[in-house]
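The values are calculated or read from the model by the stated rules, or taken from the named source; none is laboratory data. Treat the numbers as computed from the prediction; the structure is a model and nothing was measured. Cβ: placed from backbone, ideal geometry, glycine included. Neighbour counts: every protein chain shown.
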């Protein structure tokens, strides 16, 4: 991937890989992905939850500073809770979509609301 300095948005190349940062491994989430798919040296699957990472408030990241320099202060980034691999949102995913999914669709095409108590 290439980074545009003016817009700070990542542009996909034919390889489909994310631009790597010096101190972090960066990947692109698959549509609907909620768990890390990184494997270690022995081939063991990580499987850690991907959580939204606000890197501007992270003390350790403030010392490094490479994420904020590369992407600016407000980029949507997810980080694995175990291996700390960074994930960028998938271009196919809806921005701001609930991780639980779109909800249950009725046969009429409407979202079925939860029953009130």
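Some values worked out for this structure:
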{"read-out": "Out of 96, 43, 32, sole residue that is modelled with pLDDT of 90 or more, exposed (fewer than 15 other Cβ atoms within 10 Å of the Cβ) and assigned to a loop (DSSP other than H, G, I, E, B)", "value": "43"}
{"read-out": "Residue pairs meeting the criteria (Cβ under 9 Å; at least 6 apart or on separate chains; first on the phi > 0 side of the Ramachandran plot, in the stretch 67-83; second surrounded by 12 or more Cβ atoms within 10 Å (Cβ to Cβ) and at pLDDT below 90)", "value": "72/8"}
{"read-out": "Single unsatisfied condition, residue 87 versus (1) modelled with pLDDT under 90; (2) within 10 Å of the chain's Cα centre (by Cα)", "value": "(1)"}
{"read-out": "Extreme residue, modelled with the lowest pLDDT, among residues of the stretch 1-25 that are assigned to a strand (DSSP E or B) and touching a helix residue (DSSP H, G or I) at 6+ places or on another chain (Cβ under 9 Å)", "value": "3"}
